[in-house]
1. Please state, rounded to one decimal and in Å, the Kirkwood hydrodynamic radius that the chain gives when every pair of distinct Cα atoms enters the mean of 1/r.
2. Starting from 0.36 nm per residue, how many nanometres of slack lie between residue 39 and residue 12 once their C-alpha separation is accounted for?
3. Sort 73-79, 28-34 by the packing proxy (mean of other Cβ within 10 Å over each peptide's residues), most packed first.
């Protein structure tokens with residue numbers, strides 16, 4: 001176990017990404033996540049819309065090999081204008 005992370009790698013970890021409910025947001029998030037997790041399959045991505053269908057939450061369960069890999073994906077997601085929040 002790494003001293004700076006309570007996680008033991010490799011491990012499965014859910015990443016939740018919020019944005020506007022449109023195709024561009026979906027494709028942006030998928031492209032960013034596939035950059036960091038090349039074997040990401042569509043089955044690993046769950047979608048949930050807001051009540052008014054204006055916003056979309058994507059929950060992506062990835063197999064992370066290191067904390068650095070997770071941090072890099074988080075930084076790229078949060079830097080993108082289409083992404084409102086990442087958990």
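The numbers here are math on the coordinates, done by the rules we state, and not lab data. None of these values were measured; they are calculated from a predicted model. As a convention, Cβ positions derive from the backbone with ideal geometry for all residues, glycine included, and neighbour counts pool all protein chains shown.
1. Evaluated on the chain, it is 13.3 Å.
2. 8.4 nm
3. 28-34, 73-79
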